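Here is the structure we will look at.
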Amino acid sequence: MRGTVYLRRYWQLYALLVLPLAYFVIFKYGPMWGVQIAFKDFNFFQGIMGSEWIGLDAFREVFHSHDFFKTLRNTLMLNILDLIVSFPAPLILAIMLFEVKFQWFKRLSQTILYIPHFISWVIIGGIVYQVFGTQSGLVNNFLASLGFGPVPFLSDKHYWLFTYLATGVWQSAGWGTILYLAALTGINRDLFEAAEVDGAGRLKRIWHITLPGLKTTIATLLIINLGNMIAIGFDRPFVIGNKMVMDYSDVLSTYVYRTGLESGQYTLATVVGLFQAVVGLIFVLGANYASRKLTDEGIL
Amino acid sequence: MAPKMTKAASLSLAAVLASMSLLSACSSNSNSNAGNAASGGGSASAGTASSPAASGKQVTLKVELFDRGNTPSPYTITNSYLTKYIQDNFGTPNNIKMEFVPVPRSEEIKKLNVLMASGSDVPDIVFTYDSATFNRYAQQGGLTDLTDLLNQYGSNLKTFLGDDALAYGVYDGKQLAIPGKRSILGKYSSFIRTDWLDALGMKAPTTTQELYDTLVAFKEKDPGKTGGKVIPYGMTIEPAQYDPLIWSFIKPMTDEQRFTLTQKLGSNEYPTLLPGFKDALQFYNKLYNEGLISKDFGLDKDKKQLTQDVQNGVVGFLTEDYPNLYYADGSYENLLKTVPTAKLDPIDPLTNSEGKHAKPAYAPNGMYIMIPKSSEHAAEAVKYLDWMAQSENMLALQNGVEGENYEMKDGIPIVKTDAPQDVVDRIYNYGDIVILANGKFTGDEEKDKQAFAAGFPPAYQQNLRKALDISVTDTFAPLLIDRPIEAESKYGTALQDKYEEFIVKAATAKPDKFESAYESALKDYMQSGGQAILDERTKLYQEKK
């Protein structure tokens, strides 16, 4: 009885939920129907239902493929390096911004810092090639004018890693500060004043108040990041990568693009996609579990 | 917020949101049924897919069309002078409504895969240059067998193409594609800065060794006064730049080697396993390590950097698709703006072990024109192509209006270079509309060449003609195999990437690491499908013997 009264009163709110729910059903759950392609010899003229079941044959083919392991290794390598380099960057930036006393300066630098987030990777790729090119890049022209030889930022795989990571930080660090800054405003100001009265210096205050206050946010973001460990965005490695550094720049997403969209081997591409999803799930659950154990904070 | 919102307001908001989601769900369905009745799926069998067009009811014929994003106003890609011309001269008299389906040129294969997979939404006429894609569709049974339809409606078409070109569309004895036809089979020419040679008092190189000496001189003496920016040999990771160099190293081979060791990936043959390939890479490596070719050639996948370098006057020698430099507003014209005294002339110095200027050429076929099995208008599609193949229609589609776009001289349509822009714009994409032909057709090879050359700015026509003649000298004609190599359709596209990676790795290794770089790249290539192709070709060769 109470239930119906409640529903009659608030049904509009539930109606509002229909749209986001429909989004998930149509774009997230609907496509799962296609996962069966991984177990079929997919022929697109016969459609999903008309194609023959082949069991795990496609999985065997993928796991025997040389490229799969290379791209898997690269995906993990780039993501782990990215985690080490790009994860702390927004945290440090946020703390620094938080310590700034001039509001106008803080606002200005925050805006400048997160503008790169809105630039598409395709454009960033163009900029990177202009700036870091060996023969006519801005940086190498500058180095040459100082009498140094050219640095192959884009064509040597080790230097390329640096370029890849640096552009990642440049693009995402500013945007990443937003969550931390939001969490920081939630810390009770009295704590800082009390600490100052007690004679705690700036570093001590950061260490004992700011960082513990951000613990939950850090844990949440870390879990999300770990969940994406095996997934990797397509644009960044595809755009920044090139034939000369394929040893490092070829990752699972570009591999899926090549086999699926370019070569029309949808079955193999689906297998890799499914593999990524399963491993990703394991990572999220694992990270969540570890986080609960260590900090009592989890997101699930 | 919620409790304060008036009931009426929140109600209407919810209603709007709900109806929006309904609307979007509907609209995604309505498109696919427009124009034609519900599709019969794959059940319509080949040959009987015709529907009587003359019997009153108008049918819609959907034709794929490359969109290069270069449509001049006031036209749109699907509504231009040529699409109207086709509707008025072919569509309306036959009671057919022509509908052109634009596909972005650069994503052609990906988009085509998606269209084909959609079944009912696919155009009635689709095409690709990629033979691996054609083989894949054929193998999966997605194409209409055109043998009977060609006999019934395609007499002009058969005359135009001839058996040579038609043979390229046969798969397992069935005519599953109508190949376009190429008028000029040449591909590449080399070009050198003659003014640099003059400045150094050197004569034009005639062999690969002389070319090497010239490149060294370009680097050391910098005759173009580029201030150390000189790139003796402009290089990219595009076929037009690496192919001529590599193929000039390929050694004479037996028929068996030619058959078993060639790898056909996409529409081109690749010499990965042919004798001499390693020598080519070794030379490449030497050029790279001595700083004679573009340092970032491995990054230049669309010739953008090379084009810039040529136009800035820092490139001394390059190989390129033979006509590319000489178009109006092309690289040469832009080079002359930077360096008015520059001379960039065709030359043919790369020589093989027999002293010939060996280089690859095109097969006599152009793209693979296909009619998907789900199409209900296969007969109309063949009629359309047959109409296009008639010489007066092809002349009109390729050249526009006589007296306005061109003048006829000795049976050659000569483009009027002084025609106003809006007249020129009429036929801006004739190459993409006339899918049956690559290049202009007048019915005679020499005349085709003259007609082609006549389309260039007068000042460059002589050079263009010279480049054209170089491009057809000592060519390797591609080998036609009447049975598809399955491994090639499966691995072809991915192996093309591997092949370029191979070149880059071997070329950029330190000289003492060349051997190991070559070995590991070859291993990678073989594991990624190269071995499978080799095995299948070897087996096929033995069966044929």
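Every number here is computed from the coordinates shown, using simple stated rules; none is lab data. Only a predicted model underlies this, so the values are computations on that prediction, with no experimental measurement involved. Backbone-built Cβ (ideal geometry, glycine too); neighbour counts: all protein chains shown.
Pull out a ≥ b ≥ c, the square roots of the eigenvalues of the alpha-carbon gyration tensor of chain A, then state rounded if a/c is under 1.5, prolate if not and a/b is larger than b/c, and oblate in the remaining case.
Values: a/c = 2.12, a/b = 1.14, b/c = 1.87.
Oblate.
Once you have a ≥ b ≥ c as the square roots of the Cα gyration tensor eigenvalues for the range B:100-192, tell me rounded if a/c is under 1.5, and otherwise prolate or oblate according to whether a/b is larger than b/c.
oblate
For the range A:195-283, what relative contact order do you get, as a whole percent, if you take Cα pairs closer than 8 Å and at least 6 residues apart? Numbers along the way, then the final one.
On the way: 51 pairs, mean separation 23.7, N = 89.
Reported as a whole number, the value is 27 percent.
Taking 0.36 nm per intervening residue step and subtracting the Cα-Cα distance, what contour gain separates A:D235 from A:A144 on full extension?
Details: separation 91, 0.36 × 91 = 32.76 nm, distance 3.10 nm.
That pair, A:D235 and A:A144, stretches by 29.7 nm at full extension.
What chymotrypsin sites (Phe, Trp or Tyr not before Pro) in the range A:132-163 are in a loop by DSSP, with at most 12 other Cβ atoms within 10 Å of the Cβ? Present the calculation step by step, with values, prior to reporting the outcome.
Working: sites: A:F132, A:F142, A:F148, A:F153, A:Y159, A:W160, A:F162; in loops: A:F148, A:F153.
Hits after loop and neighbour filter: A:F148.
Determine the shielding of peptide B:495-507 by partner chains: average, over its residues, the number of Cβ atoms on other chains within 10 angstrom of each Cβ.
Values: counts 1, 2, 7, 3, 0, 3, 7, 1, 1, 6, 4, 0, 1.
The per-residue average across the peptide is 3.
Classify the protein assembly as shown from the C-alpha gyration tensor, please: rounded if a/c falls under 1.5, else prolate or oblate depending on whether a/b exceeds b/c.
Numbers: a/c = 1.80, a/b = 1.27, b/c = 1.41.
Cα axes put the protein assembly as shown in the oblate bin.
Calculate how large, on average over all directions, the projected area of the Cα convex hull of the range A:52-102 is; give the answer in nm² to one decimal.
Details: hull surface 24.7 nm².
Computed as one quarter of the Cα hull surface, the answer is 6.2 nm².
Quick one: A:V245, B:V424, fewest Cβ neighbours within 10 Å first, how do they rank?
On the way: A:V245 26, B:V424 17.
Ordered from fewest to most neighbouring Cβ atoms within 10 Å, A:V245, B:V424 come out as B:V424, A:V245.
What does the average come to when, for each residue of peptide B:109-115, you count the partner chain Cβ atoms lying within 10 Å of its Cβ?
Numbers: counts 4, 5, 1, 1, 7, 2, 0.
Other-chain Cβ atoms within 10 Å of each residue's Cβ, averaged: 3.
Averaged across A:250-257, how many Cβ atoms of other chains sit within 10 Å of each residue's Cβ atom? Please report the intermediate quantities before stating the final value.
Values: counts 2, 0, 0, 0, 1, 1, 0, 1.
Per-residue shielding by partner chains comes out at 1.
Treating each Cα of chain B as an identical point scatterer and ignoring solvent, apply the Debye formula and state log10 I(q)/I(0) at q = 0.08, 0.12 Å⁻¹.
-0.62, -1.23
Can you compute the charge dipole magnitude of the range B:360-423 about its Cα centre, using +1 on each Lys and Arg Cβ and -1 on each Asp and Glu Cβ, nothing else charged? Give it in debye, rounded to the nearest 20. Working shown, then result.
Working: 4 positive and 10 negative charges, 69 e Å.
Dipole size: approximately 340 debye.
Determine the equivalent ellipsoid of the range B:225-374 by diagonalising the alpha-carbon gyration tensor, then write out the semi-axes as square roots of 5 times the eigenvalues, largest first, rounded to whole Å.
Values: eigenvalues 178, 94, 40 Å².
Over the Cα atoms of the range B:225-374, the ellipsoid semi-axes are 30, 22, 14 Å.
Give the long-range amide H neighbours of B:F66: residues separated by 5 or more places, or on another chain, with amide H under 5 Å away, using H modelled in the peptide plane at 1.01 Å from N.
When sequence neighbours closer than 5 places are left aside, the close amide H contacts are B:V103.
Would you mind ranking A:H66, B:H377 by Cβ crowding within 10 Å, fewest neighbours first?
Details: A:H66 12, B:H377 23.
Starting with the residue having the fewest Cβ neighbours, the order is A:H66, B:H377.
Which GluC sites (Glu not before Pro) in the range B:316-357 pass both tests, a DSSP loop state and at most 13 other beta-carbon atoms within 10 Å? Before the final figure, lay out the partial values.
Numbers: sites: B:E320, B:E333, B:E354; in loops: B:E354.
Counting only loop positions with at most 13 other Cβ atoms within 10 Å, the GluC sites (Glu not before Pro) in the range B:316-357 are B:E354.
Given only helices, namely DSSP H runs of n ≥ 4 each adding -39500 (n - 2.57), what is the per-residue ellipticity at 222 nm of the protein assembly as shown, to the nearest 500 deg cm²/dmol?
On the way: 38 runs with 436 residues, N = 845.
For the protein assembly as shown, the value works out to -16000 deg cm²/dmol.
More than 22 Å apart: what percent of Cα pairs in the range B:389-538 qualify? Intermediate values should be presented prior to the final figure.
Working: 6918 of 11175 pairs.
Taking all Cα-Cα pairs of the range B:389-538, the fraction more than 22 Å apart is 62 percent.
Please order A:D82, A:D235, B:D255 by the number of other Cβ within 10 Å, starting at the fewest. List each step's numbers first, then the result.
Values: A:D82 20, A:D235 14, B:D255 9.
Ranking A:D82, A:D235, B:D255 by Cβ neighbours within 10 Å, fewest first, gives B:D255, A:D235, A:D82.
Can you list residues from other chains, or at least 5 along the same chain, whose modelled amide H is less than 5 Å from the amide H of B:G366?
The answer is B:G180, B:K181, B:R182.
How much FRET efficiency would the formula 1/(1 + (r/R0)^6) give for B:K203 and B:K110, where r is the Cβ-Cβ distance and R0 is 56 Å, rounded to 0.05?
Numbers: r = 49 Å, r/R0 = 0.87.
According to the calculation, E is roughly 0.70.
Let me understand the range B:378-422 better: what is its radius of gyration from the alpha carbons, and its Dmax, in angstrom?
Rg and Dmax of the range B:378-422, Cα atoms, are 13.4, 41 Å.
If you take every residue apart from B:G186 with its C-beta less than 10 Å away from the C-beta of B:G186, what net charge results, scoring Lys and Arg +1 and Asp and Glu -1?
+2
Using DSSP, restrict attention to beta bridges with both residues in the protein assembly as shown and report what percent are antiparallel, rounded to the nearest 5. List each step's numbers first, then the result.
Details: 28 of 47 bridges.
Antiparallel: roughly 60 percent of the beta bridges in the protein assembly as shown.
In percent, what relative contact order does the range A:30-88 have, based on Cα pairs under 8 Å that are 6 or more apart in sequence? Display every interim value, and only then the final one.
Working: 27 pairs, mean separation 12.6, N = 59.
It rounds to 21 percent for the range A:30-88.
If you take every DSSP beta bridge fully contained in chain B, what fraction is antiparallel? Give it as a percent rounded to 5. Walk me through the numbers before you get to the answer.
Numbers: 26 of 45 bridges.
Looking only at bridges with both residues in chain B, the antiparallel portion is about 60 percent.
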